[in-house]
Amino acid sequence: MTADEFLPQLVLMIFAAAFVTIIVVAYTKLWNLLEINTSETATRNILIRICLPAVVWVLAAIISFTSLYVYNNSWIYASIGVFLIAFPVLDRRINSIEYFARCAVLFLIWGAYHLSNLFSVQNVLTMFGLFVLLVAIRTWMSDIKYRLSFCLGAGLYVSLGFWLTFPNVKLNSSFIWSNIIVYMLMTLLTCVYWIIEYRHRLSMSDDRQTDLTPTDLYASYERDISSLFNMSKQGHKPMTLAIVDIDKFTSINERFGHLGANVILSEFETLLQTVLQQYATVYHLFRSGGEEFNIIFMNASTVDTAPILLDCWDTIRTHTFDYNYKTLSMTVSIGATQVQTVDETIDDAYGRANKSLTRSKLGRDAITVEGVAQHAKEATNWFPTYRYFVQPIVDASKPDHPLLLNEMLLREFDRNQWLLPDNFEIPVTTQISLVKQVLNHNDCTGVNINLTSQQFSDSQIAQDLARFKRHEPRISEFVIEVMDAPSLNIIKKISALYHESGIKVYLDDVGSDNSYELILNMFPFIDGIKFAIQNLRKTNDPDQLLERIGFWHDIAEKNNLEFVLEGVETEDESKYSVDKYGIYRQQGYYFAKPVLPEQEHIN
């Protein structure tokens, strides 16, 4: 390459690096906003998470294909295209499906460029190495983008592997080495930006933590909590005070330093806020200093707040915190009390809550209410111990029976065993807390819960569940299953509330508990029906059962309703229903029995 040729090439390299940097900056800012924004609905959150990388991929595809038809400087287009495909792989806080999609697109573009030598030994070995690199990044180096040497190393492997195996180009070609240089230049600028931006966010977090001194924090807290106490006493309304203290926080300070500990505290507070926002109960969260947080629940007793505190406890202990490429799991101890008539000042209630906290701290990772220890596995004296067992609704048309939804079946712990409860009408806060426990311990994002006719008729329950759905991004599909059909007017009114938040309404046990004549006029206002074979086995022979299944499946088809066949116990039943009627949504013992969410396994 002559001197006259070098200068234009250098300008092109600088232009390519600047162009990519602008895209990376915009993408990173939007992704960071998405991470901290909890106000979006689950559907919009998912759409944005899909569309953001998709827009970059489309742009990369256009640029990449342009390189195939442009003779002059086609290498610039190819380098930009490959880099834009590759960098979203390093997005933080993405699930396995999102990561797999990013890797799949990278391999797809790689294969398109190497089509003529796709199965050559060099290319196969290089792609295998890329696969190992991507697995390593997912497994051990989720924050590689903030580690310059590792980031450059990964970029170097991609650029060398891609261009040195490029078909029909000699290794001494300036084409190859120009591409490698410009790719590494884009990688360097991008990594430097990521690191600068990350450190800026850390410093901002630390500044927010140090804006108030401990004295300022406590004075503000004391003033506000006293005001809330007086409002509760004057209005004769219940008020609950809970103290949440991080266990072994001294060791966290020693391990991560002051800056790291503050960042973790900030993430901890955000996580608490996220949990509390999912409930309709009015709350006030204070950081009273150090690692101690206080929650004031207005118009709520300790029984009302029990599920919420249990949710806070479980969410914290199942969450993974990270800072500076290190991960951390932690637990909390909680002490709670309800304001009593004899309390003259907030200090009286705070003293009781603090004594309860002290008892929790003896064994740590515990909840104590009014002096009675309430570790989650022993919470029998505080409120009845409920759990949702899960039973999958699967796609039976596919060999591996992929999971569509988990129906959540209420169980109560009594006499050392899990039993059907005598009363299914538990408070909505308890229901939400139990759903959160399932989400914390199970990867399924489809939720199906049962409501009695009385629960379904309550518009406040509908509003509370809709609020929860809006604030829980992990839920991809939410189904309310009505056990006993209410009146037509109730179905019209309440279904509309659920539909506004993207929640589906199913009628359960059609053909047995809910007859055709009873629910005929409800079809326009619901989304699906469930037919339970097990309810009719004793009174119907196999031919009659098949006839009834066909009847209700036809009803669903005519009214554009989703149809779930429940109670499937054998492979023959499942296969016949798929082959004969095309019923792929199925549920029953053949696939899995109801179990605790952490024990779920599908046949």
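The values are calculated or read from the model by the stated rules, or taken from the named source; none is laboratory data. All values derive from a computational prediction rather than experimental measurement. Neighbour counts are summed over all protein chains in view; Cβ atoms, including those assigned to glycine, are modelled from backbone coordinates with ideal geometry. Side chains are part of the model used for accessible areas, which takes the heavy atoms of the whole protein and leaves out ligands, DNA and RNA. Shrake-Rupley method; radii C 1.70, N 1.55, O 1.52, S 1.80 Å.
What to note about this one:
- S79 vs. criteria open to solvent by 30 Å² or more (accessible area, probe 1.4 Å) and at pLDDT below 90: no
- Scanning segment 559-583 for residues that are surrounded by 18 or more Cβ atoms within 10 Å (Cβ to Cβ) and either of a type outside the set (S, T, N, Q) or not assigned by the TED database to the domain that holds N514 (or both) turns up L561, F563, V564, L565, E566, G567, V568, E573, Y581, I583.
- Screening Y506, Y498 for residues that are closer than 30 Å to Q460 by Cβ, buried (at least 17 other Cβ atoms within 10 Å of the Cβ), assigned by the TED database to the domain that holds I449 and out of contact with any helix residue (DSSP H, G or I) (no Cβ under 9 Å at 6 or more places or on another chain) leaves exactly one candidate, Y506.
- Test: residue in segment 577-584 that is farther than 24 Å from I491 by Cα, at pLDDT 90 or above, in contact with a Gly (Cβ under 7 Å, 6 or more places away or on another chain) and part of a helix (DSSP H, G or I): yes
- Any hit, segment 429-451, residues being at pLDDT 90 or above, surrounded by fewer than 18 Cβ atoms within 10 Å (Cβ to Cβ) and charged (D, E, K, R): no
- Matching residues in segment 466-511 - criterion: being among the basic types (K, R) and in contact (Cβ under 8 Å) with a residue 40 or more places away in the chain: R467, K469, R470, R474, K504
- Failed criterion for A42 (all others in (1) closer than 28 Å to I196 by Cα; (2) crowded, with 17+ Cβ neighbours inside 10 Å; (3) modelled with pLDDT under 80; (4) under 24 Å from the mean Cα position of the chain (by Cα) hold): (1)
- Residue match in segment 478-497 (condition: more than 20 Å from Q454 (Cα to Cα) and either at pLDDT 90 or above or not in a loop (DSSP other than H, G, I, E, B) (or both)): no
- The set of residues in segment 19-39 that are modelled with pLDDT of 75 or more and closer than 17 Å to I195 by Cα comprises V20, T21, I22, I23, V24, V25, A26, Y27, T28, K29, L30, W31.
- For segment 356-376, the set of residues classified as surrounded by fewer than 20 Cβ atoms within 10 Å (Cβ to Cβ) and either over 19 Å from I246 (Cβ atoms) or touching a residue at least 24 places away in the same chain (Cβ under 8 Å) (or both) consists of R359, K361, R364, D365, E370, G371, V372, A376, listed by residue number.
Table: residues versus (1) more than 19 Å from V24 (Cα to Cα); (2) part of a helix (DSSP H, G or I); (3) modelled with pLDDT of 90 or more.
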{"position": "R93", "(1), (2), (3)": "no, no, no"}
{"position": "S116", "(1), (2), (3)": "yes, yes, no"}
{"position": "M127", "(1), (2), (3)": "yes, yes, yes"}
{"position": "T139", "(1), (2), (3)": "yes, yes, no"}
{"position": "S142", "(1), (2), (3)": "no, no, no"}
{"position": "V158", "(1), (2), (3)": "no, yes, yes"}
{"position": "K170", "(1), (2), (3)": "yes, no, no"}
{"position": "Y183", "(1), (2), (3)": "no, yes, no"}
{"position": "T187", "(1), (2), (3)": "no, yes, no"}
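- Selected residue (criterion: surrounded by the fewest Cβ atoms within 10 Å (Cβ to Cβ)) from residues of segment 533-558 that are farther than 15 Å from Y576 by Cα and modelled with pLDDT under 90: K538
- Of the residues Y590, Y516, the single one that is open to solvent by 10 Å² or more (accessible area, probe 1.4 Å), among the hydroxyl-bearing types (S, T, Y) and at pLDDT 90 or above is Y590.
- Subset of segment 392-407 [under 20 Å from the mean Cα position of the chain (by Cα) and either assigned to a loop (DSSP other than H, G, I, E, B) or surrounded by fewer than 23 Cβ atoms within 10 Å (Cβ to Cβ) (or both)]: P402, L403, L404
- Pairs where the first residue, in segment 574-603, is of a type in the set (D, E) and the second is surrounded by fewer than 17 Cβ atoms within 10 Å (Cβ to Cβ), C-beta under 7 Å, 6+ apart: E598/H441
- Lone unmet requirement of (1) touching a residue at least 12 places away in the same chain (Cβ under 8 Å); (2) open to solvent by 30 Å² or more (accessible area, probe 1.4 Å) for F100: (1)
- Test for N294: is it outside the structural domain of S459 (by the TED database), at pLDDT 85 or above and either in contact with a strand residue (DSSP E or B) (Cβ under 6 Å, 6 or more places away or on another chain) or open to solvent by less than 50 Å² (accessible area, probe 1.4 Å) (or both): yes
- Residue match in segment 310-328 (condition: crowded, with 22+ Cβ neighbours inside 10 Å and in contact with an Asp or Glu (Cβ under 7 Å, 6 or more places away or on another chain)): no
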